[in-house]
Amino acid sequence: MFPEPIEPPPSRFLLPDPRVAGGDDVVAVGGDLEPGTVLQAYRRGMFPMKLADGRLGWWSPLRRGVIPVDSLVISRSLRRSTRRYTVTFDVDFESVIEGCADPARPHGWIDSEMRDAYTRLHRLGWVHSVETWSDDGTLVGGLYGVAIGRLFAGESMFHRAVDASKVALVALVELMSAHPDALLDVQWVTPHLGSLGAVEVGRDEYIRMLSRALEV
């Protein structure tokens with residue numbers, strides 16, 4: 001469905017193996033957000049997120065949130081909502097990440113540096129967006145994440161209409177469900193994601209699942 005991504009130059013940093021990094025969700029601090037560094041992190045089971053003091057942290061949660069692609073929970077009301085909107089892929093990535101980075105949202109973490117990093121990866125073909133549109137052609141929700149092999153690491157989602165982000169997730173899972181070993185990573189299980197079928201797996205189990213997904 002997507003064109004072959006372009007492999008960037010390798011990172012000048014070597015990130016650690018999360019399995020031997022100790023008992024904390026943060027396994028490394030520092031480095032940069034160059035495409036090669038960010039891809040190295042996802043391939044090792046990590047993702048970048050700033051710490052409270054502004055430093056760049058590399059996270060590999062001890063209890064990782066994933067959504068089994070064959071176990072997404074779709075309520076009756078959500079099923080009705082899927083018929084209310086139109087869903088597209090990679091049609092308007094910049095508007096999706098702008099919606100996710102809205103500073104008015106609570107617990108916002110996507111600053112300009114993060115936004116630029118994922119936009120660069122999108123242009124190289126590694127980051128993709130799912131857009132949800134109303135009948136009048138207005139963007140009302142969506143999500144974006146990193147795709148490597150059969151891994152899709154969801155980064156953020158937003159909505160401006162009822163169920164709009166959930167409908168984007170349903171479309172993504174339908175696309176991924178053709179491959180039983182596909183891995184949909186959602187970082188942590190929140191009540192919202194738990195209601196959709198997200199479950200926790202330990203770090204070692206996540207790395208095993210990741211290895212299978214990256215074999216493709």
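The values are calculated or read from the model by the stated rules, or taken from the named source; none is laboratory data. All values reported here derive from a predicted model rather than from experimental measurement. Note that we place each Cβ from the backbone using ideal geometry, even for glycine, and neighbour counts take in every protein chain shown.
Miscellaneous remarks
- Residue among S81, S60, S71 that is closer than 19 Å to M157 by Cα and of a type in the set (S, T, Y): S81
- Yes/no for D70 being closer than 29 Å to E131 by Cα, without any contact (Cβ under 8 Å) to a residue 40 or more places away in the chain and assigned to a loop (DSSP other than H, G, I, E, B): no
- Against the list (1) surrounded by 12 or more Cβ atoms within 10 Å (Cβ to Cβ); (2) at pLDDT 95 or above, the condition R83 fails is (1).
- Count of residues meeting criterion [without any contact (Cβ under 8 Å) to a residue 24 or more places away in the chain and either part of a loop (DSSP other than H, G, I, E, B) or basic (K, R) (or both)] in the stretch 191-214: 1
- Complete set of residues in the stretch 135-188 that are within 13 Å of the chain's Cα centre (by Cα), hydrophobic (A, V, I, L, M, F, W, C) and part of a loop (DSSP other than H, G, I, E, B): W188
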